[in-house]
Each structure stands twice: as structure tokens, then as C-alpha cells.
Amino acid sequence: MHGTSPPPSASKSLLHFFIGGAVDDGKSTLIGRLMHETGAIREDQLAALARQSQQGTTSGELDLALLVDGLEDERQQAITIDVAHCYFASPRRTFIVADTPGHEAYTRNTATGASTSELAVIVVDARKGLLSQTRRHTAIARMVGVRHLVLAVNKLDRVDWDRAVYESIAAEFRSFAQQLNPASLVTIPLSARNGDNVARRSAHTPWYGGPTLLSYLETVEIDSDRTQRPLRLPVQSVLRPDSDTRLYAGTVTGGTLRRGDFVQVAISGGTSTVERILVAGEEREQAVAGDAVAVGLSDYLDIARGDIIAHPQHRPQVAEQFEAHLVWMGEQPLLPGREYLLKMATREIGASVVGVKHRINVDTLHHDAVRTLELNEIGVCDIATKLPIAVDTFSEQSSTGCFILTDRFSNATIAAGTVDFALRRGINIHAQPLAVSKGVRASLKAQAPCILWFTGLSGAGKSTIANLVEGKLAALGCHTYMLDGDNVRHGLNKDLGFTIADRVENIRRVGEMARLFIDAGIIVLCSFISPFRAERSGVRGLVEPGEFLEIHVKAPLEVCEKRDPKGLYAKSRAGKLPNFTGIDSPYEEPEKPDLVLDTTAASAEELAHRVLALLADRALISPLPRDGH
């Protein structure tokens, strides 16, 4: 935290707000001015600031932006790249303000700073007017639940306090922002550098009759009483201080929990009565939003990390699909069908974007038809989770209505989202119990079902080896089926091309089909380039441990290109086949395959026998005869 003021006093109301806008519009200077005007800067800090300011300018003016731009990279680039939080206070209210990055490359930090705010101050340079980043920050603010918007038209002193300039920018912003339906919208002409209309009225704007920025921040009505919302207690951990005691620990994010309350576990539906509430290790009669608690129930319920305790009359929706607004933060585009890790409250679960309904054009707020989202784009998407999850609409419960998506391999945050509503198809579709189980089907065939997943470059020899393996399995009396990359594109996947997004969807569909074959008790052989680790991992996650064997059929690119059995490399080199794996589309080698088959070091017959040996070693087929045939 930047700033020197003590934490906000409990006797004053607290306002969380963030300051957004484009690069060099004056955000950091405005925060510095607010802190200076409210006495949040000590005299020794002012003296140090004056010395630093003199080093960077010949005007002798105090550079208040230096109070906030504390990172060395920010100093060198003269931009804010991190989220800086500052405390300051006025006689009427205390404030926590987030200075968010103006540069488009750091939009993810903007979403972070806005997510805990109740009000947004959007700064615009009067000389430049509204920019795309101005609109993007405004749209993100509303998407993450910021209800109040303030437009600060800054640097009016640079345009001689031209009223027409201010009113033109203000009118354009109102026209844009009103489409986002904010609870309030105020525009203020000011100069952060000189302090005009920041904390005191300016003689340069006799035509302006509205409030100063500080007076508005002091008086704006905010609805921050989370205790009035329905109860939400996301379970962080299960505590067992002794063999007879079980406590459920977490932080109350909404509502009030009282001893004697009848509560329900959101997903399982189990109910019980609250017997104990501990806050900071002390017994309490109740706990409110913001309290970290340990709760004891009168009945034993199967509760684990990620479950949510609520009152039955206000139970969150339980669904496997929901619609959400999404800010995409990944360097690579969103790939519908790829499995990511969704983190919501204390729950972590595999999830994928089923489809992108539309992208929101940040300049016009029009809805653009797209299939994916690129870096910093905002869209409306359908999200599907691997298992049922308890969700709230973000407007009703922010803590259980917002989430992030992370990459399963790098753990990098690639998206932030807010829940619009649960989808009925996710609520009303239930698994049909079947009379015959996978185990029964497998026992009838006297075999253990599994997926043999052959992956490698085109021309490496996948299909050749897989065909030999299937023939040998058939000779042993095994029930098999083979799914080949070319064959499925004649039917099931005939609608898919070869873009990265289509390749992801191709493997997703094949994986679901392979899972059905496993359920039928079949040994299924899958021969696909399947270039991405994420999709191969996703297929592995569809079946039980030990039922997916990843086999890397390996050959150098130059060898595969010389073989070129289908003439595909030649077409790609000639520019007639774009997005070809190994040429202009990447292949991610398996990191820990179950088997590596080098087709330059042994014959296809010998390599096929190694696959059978692996199956026998894993007890998936009967031991092989001594001669291996």
C-alpha cells in the first residue's frame, strides 16, 4: 500500500474507488493531488518529493505523480504498470483508491483494481478526448460491478479552460456510459496539476455549478452493507481439533450467520443447525460479512473445501453451465473447448468456454459476432464446468459471482469473469442411471478398457503402429475400436477446419467419444497429431487414472517431411495448407508420456510389440506369450 495515512477509521464511512483512463491522462497526478489536499503527505515526504521533482523538470513544480509511480520500471517508462493502493481521509470519509494502469498491455491489472471498488473515476485528457482505453476502463468497471461513474476531464488548463471542449467530452461520455446503466454518472472539469475543482472550486470555471471531486467522493451514497445480503460462507478448510470435533473454516462473504441457524450446503443439499461459531478463536453468537470463522454443525455432513454454506431459502444456483462476461487477459487467444482451471471463491474446478456469444466493442458497445477473444477484449461467453458448481449472479453476490480462469500448465491468469446467470440446460440436465455399468461391460469382454492415445507429427508413423497394435489385440481376443484423425473428419468432425480453435474442438469431441468407448468396455486406439498438451491432458481427465496411455510416436521433422505420405508438408511449404503442425503451427511434445516410440530406431512391428508389452505390464491385457506373438 502506498500513502502514509493510517488505516481508515471505523467511525467514518469507507469508500473504495479506482482511477482509470488512458496513458498520461493524469491519473497518478490526480491521486497525488487528493492526498496532498487532504493532508495525507508528511512534511518530510513533501521535501523529498520536491527534490525528486526538480530532478525531472526545470519548472520547479511539484510532481505529485511520483507519490504513486513507485516502481522503477514505471519511473523509466513514465507509465503506471502495477496497481497502487493509497489511503487518505477527509473530515467526512476515509478512502482507499487504486491507481490502475493506463497502458492497454496491463488491462488485467485494471480489472483487479476495479474488482474491489464501489466507484470509478475515469480520467481523460481534455486535449485528446475519449480514447479506446477510456471506454475500455469504463466498460470493465461496470462489468466487475462498479456502480458509480465519475468522468474527470483533466488538463483543462492546457486548453484555456474552454467550456465547449469540456461539454463536448462530457456529452460524448454520457452517451457512451449511459448504455452501461450506472447507478450515478457525474462529470467534473479539473486540473489535477494545479488542484482546480479537485478539493476547492476553481475561478477558471465560473460556468460549472457542480461539486468538486473531493466533495462528491465524500457525499456519494454507496451500498456497501454486505450483511444485508443472503448468507454465503465458502468453506476454506475442514478443521479437526480432536477426533469428535469437526469445524468448517472460511470467511463470511455475505449476510449474517447466527448460532441456531438452519443452514444448507449449496451443492449436496445437506442441512443442519449451527451449534458453534468461533471468531478469532472465541465463541460468538453471530458472525457477519468479513468475519473469518470456524463453524460447528449439529449433524455430520460431507463438506469439503469449495462448498458453500447458505440459508436454504437463499441457496445459490447449482449448475454446470452459466453465462458470463469475460475479460480475456491471455497472450494467446481464447480457445473454446480447451479446459482451463476456474477459481471462484474457494472452489477450483476444470472448466471450458463452450462458446463466445459476442465480443463487446469498447468504442461503441456494439456486439460483434466472433468465435474467440483476443488479449484485452471483453465478451459474453457460456462457461461449462466439469462438475456442478454453486454460483450467484454477480450483481447479487460479488464473492460467489466472479471468477478467474488460469492456464492448467503455467498457472497464469488468463481471464477474469462475472456470472450473468446460470443456464437452464445446465440446471435441468441430469445423468440417467444405467442398469449396466462399465465394470459389467468390461467383464463380459474379459478385458480392462483403456485409451491408447498415439500422438506425434504427421508422417511420424502413428496410424501405421496403431493399426498393427489393433490387429495384434484382435488376435488376442480383445474388443477394440480405432479412431483415426482422417476418418473422424469424414463424419463426426467434418464441419471443422484446421485452425487452432478447430483443432482444440476436434480433440475435445474425439475425447468425449473415446470416453464412451471406455464406458462400453472397449480398448480404443486414437491416432491424432493432437498438438497441444492441454487437450491431451483434458482427455486424460475424462477417464479414471490408468485408463489413458499417452504414446509419443516420435520422428524428427525432417524425417517426417521426407516421408510425407499424404503430400501435406509439400502443400504447406508451398503456402497451400496454412496452420500445418510443425511448419506454421506448433507441436507440444508430451512431457511425461507413458511410452515413446522412435520410428527411426526400430521397425513398426517391433514398436507395436512394445505397446502390447506396456498393456501387459499395466495388467490391461493378459500376459503375452514368451515369443511375444
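No value in this document is a laboratory result; all are computed from the given coordinates. Please read all numbers here as calculations on a predicted model, not as lab measurements. Here the Cβ is made from the backbone with ideal geometry for all residues, glycine too, and neighbour counts use every protein chain on show.
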Charge dipole (debye, nearest 20) of region 317-428; +1 at Cβ of Lys and Arg, -1 at Cβ of Asp and Glu:
340 debye
Please state, to two decimals, what the Cα-based radius of gyration of region 440-575 comes to when divided by 2.2 N^0.38 Å (N = residues).
1.08
Work out the length of the dipole vector of the chain about its Cα centre, built from +1 on the beta-carbon of each Lys and Arg and -1 on the beta-carbon of each Asp and Glu, and round it to the nearest 20 debye.
1000 debye
Reachable lysines from LYS445, Cα under 19 Å, same-chain residues fewer than 8 places away excluded?
LYS472
Starting from the amide H of GLY582, placed 1.01 Å from N in the peptide plane, find each other amide H under 5 Å away whose residue is 5 or more places distant or on another chain.
TYR587
Cβ-based charge dipole, the chain, positive-most Cα from TYR569, PRO182, GLY350:
TYR569
With a 21 Å threshold on alpha-carbon distance, the violating pairs from LYS494/LYS562; LYS462/LYS562; LYS128/LYS155; LYS343/LYS386 are LYS494/LYS562
Give the residue from THR385, ILE404, LEU375 lying farthest towards the positive end of the charge dipole for region 371-430; charges sit on Cβ (+1 for Lys and Arg, -1 for Asp and Glu) and the dipole is referred to the Cα centre.
THR385
With Cα coordinates, the longest principal axis of the chain makes an angle with the long axis of helix 132-143, in degrees rounded to 10, of 80 degrees
Estimated FRET transfer efficiency when R0 is 56 angstrom, pair ARG305-GLU605 (beta carbons, to 0.05):
0.65
So, relative contact order of the chain in percent, Cα under 8 Å, 6 or more apart, is 9 percent
Rounded, prolate or oblate, given the Cα gyration tensor of region 254-309, with a/c below 1.5 counting as rounded?
prolate
Any chance you could run the full-extension gain for ARG158 through ARG92? It's 0.36 nm times the residue separation minus the Cα-Cα distance, nm to one decimal.
20.6 nm
Solvent-free Debye scattering, log10 I(q)/I(0), computed from the Cα coordinates of the chain at q = 0.05, 0.08, 0.10, 0.12 Å⁻¹:
-0.32, -0.75, -1.01, -1.21
So how do 518-526, 298-306, 332-340, 578-586 stack up, highest first, on mean other-Cβ count within 10 Å?
518-526, 332-340, 578-586, 298-306
How high is the relative contact order of region 439-617, given as a whole-number percent (alpha carbon pairs under 8 Å, six or more residues apart)?
34 percent
About the Cα centre, and with charges only on the beta carbon of Lys, Arg (+1) and Asp, Glu (-1), how big is the dipole of region 439-502? Nearest 20 debye, please.
260 debye
